[in-house]
Amino acid sequence: MVTLQENRQSEPIAKQLQSVKVPRILQTFRGILWPIKYLEKAFQEYGDIYTAEFAGFPKQVVIANPQAIQEIFTADPKLFNSGEANKILQPLFGNYSLLLHDGEYHQRQRKLLIPPFHGERMKAYGDIVCDIAEEVMSKWTIDKPFEARSSMQEISLRVILRTIFGLDEGERYEKLRQLLTLLLDTTGSPLRSSFVFLEVLQKDLGAWSPWGKFLRLKQQINELLYAEIRERRAKNDLSGEDILTLMMSARDEEGQPMTDEELKDELMTLLFAGHETTATALAWALYWIHRQPEVREKLLRELDTLGENPDANAIAKLPYLNAVCSETLRIYPVLLFTLPRITKAPVEIMGYRFEPNTMLSPCIYLIHHREDLYPEPKRFKPERFLERQYSPYEFLPFGGSNRRCIGMAFAMFEMKLVLATILSKLELSLAVNRPVVAARRGITMAPVGGVRLVLKGQRT
Ligand code: HEM
């Protein structure tokens, strides 16, 4: 028996958890179609740690308590598996994605993939991000509404393609860009997201059926990725600084390189995880900034302190801009949950004893909406991040511990640069000034109907 918190060892254990008293099938549909309503209701009825059930998954413990999250995130990572719970993502990412693995393979892949997204390397991408943002902005016309989520997706997809392949133009990249956008759109509504979660809906009934369409698009993407890998192998040129070159140069302890299939699956993971999430976060940020004009005013005042053509690193350090990005990720975290943590041994958390194979699911959304941490949780108030320092167990849009998002620094950097580029150059407003709510878009939560903005003119 492993006790996660030493000083709790003497307390009586085996407190009983409450279970959601709704049939499993209803929980499944509510969780897919109206996840926020479902989570908030359960929190009110059962508190900040309770069990829930969804078709296709074992019973899981939903956790919205910072102390419990701290006990999990600071425990020995060897006590938990996460990858084994992500089998539903196999059709999207393939067999070798680090998301589907635990233990040594997961650790090895993380080590390989983290460096390009950190420190000096990442900072070299600053100009690329600003240039791509300006190219996309140049397509917006005055007084003609446009959908900000798609524009943000175009920016983030081009940024990730460029960082991974070192290029974002040419026939292959153009095709990849189009196919990835189409693939993501196949899960673009709550209903269409169902087939990602429900195996029974994963039936290939031809090219026009949702699953059939998904499989065909995935196949075409696989072919393009394989073509790129083979071409690089044939050229035998490993001098580039892009992520694919780094991945191809890497060797494991036996001196073996990654196979083509491993490379293809990690590329898919980065391409997908590295742009859909950031695009959604950026769309939300633009919504809040234009929904609350005082936020925009404050941001502009802060940006103006940097003078003309500010340095990317100076932008990244602006405190109010950081608070706006944080509040955006708090109020509607792009992912409602972290990856699950499945116990590999008996563990005790906050006096509850969990047997091996218990699925623990830290709920980012519920933690971010606790009144005791975030007064008036439904209000967008960036100032809260200037007034208080939140712990990594109270504010966790990127998860934590050994599964923490490897793109965290990259995503925050990209968000800040894109927002600064847009706001400092253009006057925008919401096409319709009404509240926008969140709905499921595949595994992420995105603004329903996107965020429609109108370009009013250049900023003077
Ligand atoms: C606003 C943008 C993003 C958000 C909100 C986000 C959120 C998350 C979250 C919540 C997790 C699970 C962490 C856990 O279970 O503890 C995760 C994992 C991951 N993210 Fe992100 N992410 C973002 C952007 C990115 C980017 C830009 C990349 C890559 C370039 C990326 C790559 C990954 C990968 C590979 C994992 C799996 C890590 C592992 O299994 O060890 N993400 N992300």
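The values are calculated or read from the model by the stated rules, or taken from the named source; none is laboratory data. These numbers were taken from a predicted model, which means no experiment stands behind them. When we count neighbours, we look across all protein chains shown, and the Cβ atoms used for this are built from the backbone with ideal geometry, even at glycine. Just so you know, the surface numbers come from the protein's heavy atoms only, side chains and all, with ligands and any DNA or RNA stripped out. Shrake-Rupley method; radii C 1.70, N 1.55, O 1.52, S 1.80 Å.
Side notes on the structure shown:
- For the residues E376, E297, E262, the requirement of being within 30 Å of I229 (Cα to Cα) and over 21 Å from the mean Cα position of the chain (by Cα) singles out E262.
- Selection count where residues are in a loop (DSSP other than H, G, I, E, B) and more than 9 Å from the ligand (Cβ to nearest atom), scope segment 380-405: 12
- Segment 66-83, residues that are open to solvent by 20 Å² or more (accessible area, probe 1.4 Å) and among the polar types (S, T, N, Q): Q67, Q70, T74, N81
- The residue that is surrounded by the fewest Cβ atoms within 10 Å (Cβ to Cβ), counting only those in segment 384-405 that are among the polar types (S, T, N, Q) and at negative phi, is Q389.
- Among residues of segment 222-244 that are open to solvent by less than 80 Å² (accessible area, probe 1.4 Å), those with a Cβ under 6 angstrom from a residue that is assigned to a loop (DSSP other than H, G, I, E, B), sequence gap 6+ or separate chain, pair up as G240/G166; D242/G166.
- Scan of segment 102-131 for residues that are among the acidic types (D, E) and outside any loop (DSSP other than H, G, I, E, B), ordered by number: E104, E120, D127, D131
- Test set (1) on the phi > 0 side of the Ramachandran plot; (2) more than 15 Å from the ligand (Cβ to nearest atom) - P435 fails condition number: (1)
- Residue under evaluation M408, criteria (1) within 12 Å of the ligand (Cβ to nearest atom); (2) surrounded by fewer than 20 Cβ atoms within 10 Å (Cβ to Cβ); (3) within 30 Å of T141 (Cβ to Cβ), criterion not met: (3)
- Restricting attention to segment 82-112, the residues being within 9 Å of the ligand (Cβ to nearest atom), within 17 Å of D260 (Cα to Cα) and over 16 Å from the mean Cα position of the chain (by Cα) number 1.
- Scan of segment 366-383 for residues that are open to solvent by less than 10 Å² (accessible area, probe 1.4 Å) and either polar (S, T, N, Q) or more than 16 Å from Q70 (Cα to Cα) (or both), ordered by number: Y374, F380, P382
- Of all residues in segment 54-94, those being over 26 Å from I32 (Cα atoms) and not β-branched (V, I, T) number 9.
- Count of segment 323-353 residues which are assigned to a helix (DSSP H, G or I) and open to solvent by 20 Å² or more (accessible area, probe 1.4 Å): 0
- Verdict on G119 being at pLDDT 90 or above, of a type outside the set (A, V, I, L, M, F, W, C), at positive phi and open to solvent by less than 70 Å² (accessible area, probe 1.4 Å): no
- One residue alone among Y365, Y374, Y352 is touching a residue at least 40 places away in the same chain (Cβ under 8 Å) and within 16 Å of the ligand (Cβ to nearest atom), and that residue is Y365.
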